[in-house]
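Here's the structure, in structure tokens; my notes come after.
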Amino acid sequence: MRVLAAVPTTVPDRRPRAGETMPFGLYVHVPFCAARCVYCDFNTYIDLDHLKEDYVRALLREIALVGEALDHRPAQTIFFGGGTPSLLTPEQVERVIDACAAAFDLAADAEVTLEANPESVSPSYLRDLRRAGVNRLSFGVQSFQDEILRFLGRQHSAVRARQAVEWARAAGFDNVNVDLMYGLPGQTLAEWQETLETALALAPEHLSLYALIVEPGTPLHRWVEHGLVAPPNDDLAADQYEWALDRLAAAGYAHYEISNWARAGGEALTPTRASRHNLLYWRNQEYVGLGAGAHSYVEGVRYANVKRPERYIAAVERGRLPAEAPAPALDPRSLDPIDADLAMREHMMLGLRLVREGVAFEAFERRHGIPLQARFGPTLDRLDEAGLLERLPDRVRLTRQAYLLANQVLMEFL
Ligand code: SF4
């Protein structure tokens, strides 16, 4: 049974060429955290520890249901995101991976990433996780300065973050990402430089650098509103980002997405250690989101699961796909078919985030049946004249000048 087969989509030819496999990934959301960071607006909860095992059982059930609905579709990646996935036991993680392998045609060399917080791992935990089948770790470090970590509400110290990466190496992980944040209140350029240098000394294969965003509804937002904390200093954040661009290039990292760098592997447009799972998003390819609040893009349709873990568990226990009511299996009309023009705009907004790869003319035309220039000519001309877009013989991509303005530039395609 293909639950989603009845969903109308006007997206033209999504089929791979002969011999190609349509890339596809599995995102598994783990909505538990030990404490709430002051800037966080993710779908995560600090008081639902008692639900963990029920939640894992619901995940196993949902994975089986979705795998069946999608005819055991081939998948190349699994990504445990959160929340704090490292609050699951290695045994729970292994059961989820095994369920994915049983329900989908999981590639033998699948990339299996797990987001981990430094305080929640130990040498033995990481060894067991590696044995469970995880082969890529993404550490939420954010800073190597204790004062900043305390301000953010993080639960680890700088020492613990360094240890966690070293333990990961000892456990056999050869693919490690470190997440860092810049543009933080009170964070000087020198402090940012020290944080990045500390990360580089650990030689991670991948680095994700995110500017702080003050999201409504967070404690940080209230503090800024009440004048207790200075709002982000955009000029300083820009200087921090610019410095990182040069420093990471000098250190041998390829900048492949606005906020992401990976160990360079020759002149390829995409470095070998790029996140294969996240590339699915930026290339506007398909994935299924499993777990509370997880988003999916399957067969040309985007949908989200119910957010609250209790509601998610209850829906799955009733044997239903836990999409926001009404469930797609019961009423496909409740879904949001991506129409042809929206698909083209999404292709640009996501693809241009890939700063090396950009959007290839041939791939755009093959997917949408219309040349890129024919659909977006005036917009491309305008951005080109403003020095924000580079036209190569086979593709367009952002210029360095556009990186800091990326959000505004990408909105031009909305
Ligand atoms: S650890 Fe991550 S998901 Fe959890 S509260 Fe902090 S930022 Fe949010």
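Computed from the coordinates by the stated procedures, all read-outs in this text should not be read as laboratory data. Not measured: the values here are computed from a predicted model. In this analysis, Cβ positions are derived from the backbone assuming ideal geometry, glycine residues included, and neighbour counts consider all displayed protein chains.
Here are the numbers for this structure:
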quantity	calculated
Protection proxy ranking, peptides 123-131, 308-316, average beta carbon neighbours within 10 Å, highest first	308-316, 123-131
Alpha carbon Rg of the range 223-290, scaled by the compact-globule rule 2.2 N^0.38 Å	1.53
In sequence order, calculated HN-Hα J values of the range 42-47 (Karplus, 6.51, -1.76, 1.60; Hz; x Gly/Pro)	6, 7, 8, 9, 9, 10
Where no second cysteine Cβ lies under 4.7 Å, the cysteines concerned in the chain	Cys33, Cys100
Spatial separation of Cα centroids for the range 362-384 and the range 272-301, in angstrom	24
Helical mean residue ellipticity (222 nm; -39500 (n - 2.57) per DSSP H run of 4+; nearest 500) of the chain	-11500 deg cm²/dmol
Amide H contacts of Val30 (H built 1.01 Å from N, under 5 Å, at least 5 apart or other chain)	Gly81, Gly82
The chain - convex hull of the alpha-carbon atoms, volume per residue in Å³	148
Highest to lowest packing among 36-47, 155-166, scored as the average C-beta count within 10 Å	155-166, 36-47
Distance-filtered residues of the range 50-72 - backbone nitrogen under 19 Å, label point 7 angstrom along Glu346 Cα→Cβ	70
Cα centroid separation - the range 225-255 against the range 340-356, whole Å	25
Most to least packed among 142-153, 292-303 [average Cβ atoms within 10 Å]	292-303, 142-153
